[in-house]
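Step one of this worksheet: look at the structure below.
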Amino acid sequence: MDNFMTQVKNLAQSLYPCSAQKLDYDMKLHFLENTSVTCNDGTPAGYYMKESRGSRRWLIFLEGGWYCFNKENCDSRYDTMRRLMSSSKWPQTKTGTGILSPLPEENPHWWNANMVFIPYCSSDVWSGASAKTDHSGYAFMGSLIIQEVVKDLLTKGLDNAKVLLLAGSSAGGTGVLLNVDPVAELLVGLGHPGIQVRGLADSGWFLDNKQYRSTDCHDTISCAPTEAIKRGIKYWGSVVPERCRQVHLGEEWNCFFGYRVFPSIKSPVFVVQWLFDEAQLTVDNIHLTGQPVQEGQWRYIQNLGIELRNTLKDVPAMFAPACLSHEVITRNYWIDVQVKGTSLPRALHCWDRSLQDNSRNNKAPPKGCPVHLIDSCPWPHCNPTCPTIRDQFTGQEMNVIQFLMHMGFDVQKMAQQQGMDPSKLLGMLSSGS
């Protein structure tokens, strides 16, 4: 396969009169035609796009970056992270990485698609539909930005698409769960029922679990997940998918949590979720700084993996490695992580095939092509293909054993409990069995 890809690339490059270096791989910035749909501060919203003429596959990616849920923490976000609230300093071009890369060796399955990246500048988990008011001081138009981008793209070739994959990471991953059906409905309403809309939600499947230590809801980081969303929904003027809203009338915050919104989603969605997600641990008040982790925290972390695994068991298409990390599909190492011997690009390829076969009423999934992949080993980084961990203070890479020691994991004690030799246990840990 690699050899074939190299040949394809060489052929493609030989067909261009200019050298490979001059091929324009960057996505270019476009502002929305509808200027009334804006970022938080009223500057125009927009998207980056790289066309791939000849491909009928489109990938629209929603950027992540937390949220703010009241005037105080939005003001502070505006001071410190303005590009997540304003388009005033966006660069003219953007280079696609991971699943947005146009290079087959970085992106074996989707490199040839039309790529669209929507910067996150609404701070509302892509859910808001409210214009700027004196009361809030900001516009929250995440859901409207997605709809307007789709409308603009219909004049740029999306009208001829076969497949539209709405993808996103972190808050963008939750944004996919909230917007994939509305996008499908919008396209049907505009007379394009033939476009198959699918979702790819990366690191956006959060749990509304109990924090390790309860704290007051002052800022984004310390606020328990449910409390932040309950406040946010009111402040943002959020819209949630209609079918989920019907199930949770008056408690629409439920629709921001993957396992609660998923049963009502009609479009096919592939879920990618680290079993030990760093953002989840942060809102749960587990901060993995330089101090060794206490036993209670270690139990909490292992328990999180169990809880998450339970919420994913009925999701037909998913990829859930036992790693401590956050976000993956736009990272350059996204092709290296495996679950049970299958990489994520391979699993997405299998998912594509299974959906094609389904539409031809051939229900059995392709043999040797799994789409439901979840690690069964019980602690962070027990999978040897996990991304490298770095010490948060020194930036040094750590191997699994160093990491476990750093986490305060007592190898001697654990070996005793399991009735085995410590060196044997270490061997098992580092081999990921």
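Residue ranges 109-119, 373-383 sort as 109-119, 373-383 when ordered by packing (mean number of other C-beta atoms within 10 Å per residue, highest first). Solvent-accessible surface of segment 223-293, averaged per residue with a 1.4 angstrom probe and all protein chains in place: 39 square angstrom.
Calculate, for THR93 and LYS367, the FRET efficiency according to 1/(1 + (r/R0)^6) with r their C-beta to C-beta distance and R0 51 Å; round to the nearest 0.05. For R0 = 51 Å, the calculated efficiency reads 0.75.
Relative contact order of the chain, taken over Cα pairs closer than 8 Å and 6 or more residues apart, is 14 percent. Per residue, segment 32-99 exposes 46 Å² of accessible surface when a 1.4 Å probe is rolled over the protein heavy atoms with every protein chain present. Give the percent of DSSP beta bridges with both residues in the chain that are antiparallel, rounded to the nearest 5. Around 35 percent of the beta bridges assigned by DSSP in the chain are antiparallel ones. Taking each residue as 0.36 nm, the span from LYS413 to GLN396 lengthens on full extension beyond its C-alpha to C-alpha distance by 3.5 nm. Checking (1) 22.8; (2) 22.2; (3) 28.0 against the coordinates, the calculated Kirkwood radius over Cα pairs in Å falls under label (1). Only DSSP H runs of four or more residues enter the estimate; each adds -39500 (n - 2.57), and after division by the residues of the chain the mean residue ellipticity at 222 nm equals -10000 deg cm²/dmol. Taking the accessible area of the chain, probe 1.4 Å, and keeping the other protein chains in place, the carbon and sulfur fraction comes to 52%. Across segment 188-218, the residues whose backbone nitrogen lies under 17 Å from the label position 7 Å along the beta-carbon direction of GLN294 are 211-216.
Where in segment 138-171 does the label zone of GLU307 land, with the point 7 angstrom along Cα→C-beta and an amide N cut-off under 20 Å? Counting backbone N atoms under 20 Å from the label point, the list is 170-171. The simple spin-label model puts a point 7 Å past each Cα toward its Cβ; for GLN356 and HIS30 those points are separated by 2.7 nm.
The values are calculated or read from the model by the stated rules, or taken from the named source; none is laboratory data. Every value quoted in this text rests on a predicted model; they were computed, and no experiment measured them. Heads up, the Cβs are rebuilt from the backbone with ideal geometry, glycines too, and the neighbour counts pull from every protein chain shown. Areas reflect the complete protein model, heavy atoms only, side chains present, ligands, DNA and RNA absent. Shrake-Rupley method; radii C 1.70, N 1.55, O 1.52, S 1.80 Å.
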